[in-house]
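The structure appears right after this line, and notes come after that.
Bear in mind that the values in this text are calculations on the coordinates, not laboratory data. Quantities reported herein were computed from a predicted structural model and do not represent experimental measurements. In this analysis, Cβ positions are derived from the backbone assuming ideal geometry, glycine residues included, and neighbour counts consider all displayed protein chains.
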Amino acid sequence: MTPIFPEQSVAVLFSGGDSPGMNAFLRAIVRLGLNREKITVLGVRDGYRGLVRTARALNGDAEALVRLKKDIATHVGRAGLISEQLHIIQMDHASVSGIMGKGGTILGSARCLEFHDKEVRAKVIHLLKGLNIRALVVVGGDGSLTGAKLLEEESDLRVIGVPATIDNDLQFTDMALGVDTAVNTLVWSVDHFIDTARSHRRVMVLETMGRESGDLARMAGLASGAEMVITPEAGPLTAADMQRLAAKIEGAMTRGRGHAIVLVAEGVQFEPQQKRNRAYVLMEAFQEYFQRPGAPFPDLEVRPSVLGHLQRGGHTTPHDCILAARFADCAWKTIIDENGRNGVTVLRKNIVEIVPYGTADMPERAAFSQEMEQLHEHLSSW
Ligand code: F6P
């Protein structure tokens, strides 16, 4: 039987730093497409980079486009996933089987600087039209969704964005995909550090991800019971600020506390600026304070750890799997609606909906962050 390239399809790509829940989203968008909407999904490998490379290879050549369509149609599902050359894969049921709870993305993700170039985007638009794409779904964080916005502004394509980043720094949605899993991973990590901190009566300074946002650290602090959370929103830390924080830990020790877990978000800055990781800067400042002449606990040791990419992987939580399914459902409903708006799927007050690109930040988000910080302060005081 001659392989047939679908008359119309929806393309999906994952862009920027990966986040847990991306695979669950892929499974949901593909299965809803095949089972409910009867529309095929094309998976793009390595985010925008996959589109850029394909567009470059075709270079506007109509015959090359015909060959590409044939290639895609002859390498459906897993055959496409194992092909070295193909960046666009026609997804089937089997290709998304068994992936729901797995972290990362089987299609790969990338940051693509070339996509900042308007001419490059024009080539990508030409490619997507040549492939009869009904809509493009872009799953990722801030930069990736900006790319989606530009694509929709520069073409008549339907482009739907889906927020996915462990940073939870997108202020127009209560939660992005992957945050819940990352918080779980952080709670798991803190539990491990507590065991050894307690045994040695130590202070552990753990650096979390989150870019300029302290949300991930704040949530992990509340959920893990870490004694202290330091976030960037309060402004840069001076030497006096660090002494004040160390004094707080020392005070708790005087009142009987045996150890302390300090979470510091990677966005935290110092005055004067420091090049080293935050956990190390704080470790030194705290250690110096604890060992000052006449200090009550001169033997109190501080150990730093930068948790890094550990936070991006791992088994996806049920909350993220459910959110992935709801975002996929919302994306499909918008795509098949002739009057459906372009925009980004969001979660607000437990309702999933589409909001236009460039939607303003929700004031509730900042208020919630503040509330979390105060709540943590009250819960962790000793
Ligand atoms: O945006 C997600 C994130 O994990 C940030 O928290 C972190 O700063 C960054 O990506 C790390 O990026 P990379 O994987 O490119 O090192």
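Some values worked out for this structure:
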| read-out | value |
| --- | --- |
| Net charge of neighbours whose Cβ lies under 12 Å from the Cβ of Ser189, counting Lys and Arg as +1 and Asp and Glu as -1 | -3 |
| Additional length obtainable on full extension of the chain from Arg56 to Leu113, 0.36 nm per residue less Cα span | 19.0 nm |
| Cα-centred dipole magnitude for the chain, charges only on beta-carbon of K, R (+1) and D, E (-1), debye, nearest 20 | 840 |
| Overall form of region 1-113 per C-alpha gyration tensor (a/c, 1.5; a/b vs b/c) | oblate |
| Karplus 3J(HN,Hα) series, Hz, for region 204-219 with 6.51 cos²θ - 1.76 cosθ + 1.60 (x for Gly, Pro) | 10, 9, 10, 8, 9, 7, x, 6, 7, 9, x, 4, 4, 5, 4, 5 |
| Trypsin sites (Lys or Arg not before Pro) within region 5-55: DSSP coil, no more than 13 neighbouring Cβ in 10 Å | Lys38 |
| Average silhouette area of region 239-377, convex hull of alpha-carbon atoms, in square nanometres | 12.6 |
| P(r), alpha carbons of region 180-312 - 5 Å bins starting at zero, rounded % | 2, 11, 22, 25, 20, 13, 5, 1, 0 |
| Long-range HN-HN contacts of Ala260 with modeled amide H, under 5 Å | Arg202, Val203, Met204 |
| For region 118-203, convex hull of alpha carbons as volume per residue, Å³ | 136 |
| 0 to 90° range, to nearest 10: angle between helix 142-153 axis and the chain longest Cα axis | 30 |
| Considering only the chain, percent of DSSP beta bridges that pair antiparallel, nearest 5 | 20 |
| Amide H contacts under 5 Å for Gly161, placed H, 5+ residues apart | Val138, Gly343, Val344, Thr345 |
| Hull volume in cubic angstrom per residue (convex hull over the Cα atoms of region 179-221) | 60 |
| Helix axis angle, 278-290 relative to the chain longest principal axis, alpha carbon, degrees | 10 |
| Peptides ranked, highest mean first, by Cβ atoms within 10 Å: ranges 142-153, 339-350, 285-296 | 142-153, 339-350, 285-296 |
| Pairwise label distance in nanometres, Glu233 with Arg303, each label 7 Å out on the Cα-Cβ vector | 3.1 |
| Charge tally in the Cβ shell below 15 Å around Glu338, where Lys, Arg are +1 and Asp, Glu are -1, Glu338 excluded | +1 |
| Measure of compaction for region 55-152 (Cα Rg per 2.2 N^0.38 Å) | 1.16 |
| For region 180-312, size of Cβ-based charge dipole, Lys and Arg +1, Asp and Glu -1, in debye | 240 |
| Surface/4 of the Cα convex hull for region 223-270, nm² | 3.7 |
| Whole-number D in µm² s⁻¹ for the chain, Kirkwood Cα-pair radius fed into Stokes-Einstein, 10 °C, 1.306 mPa s | 71 |
| Spin-label model distance (nm) - Ile351 vs Ala64, 7 Å beyond Cα toward Cβ | 4.8 |
| Selection from Val187, Pro304, Val203 lying farthest towards where the dipole of region 180-312 points positive, charges on Cβ | Val203 |
| Contour minus Cα-Cα distance for Thr359 and Ala73 (0.36 nm per residue) | 99.1 nm |
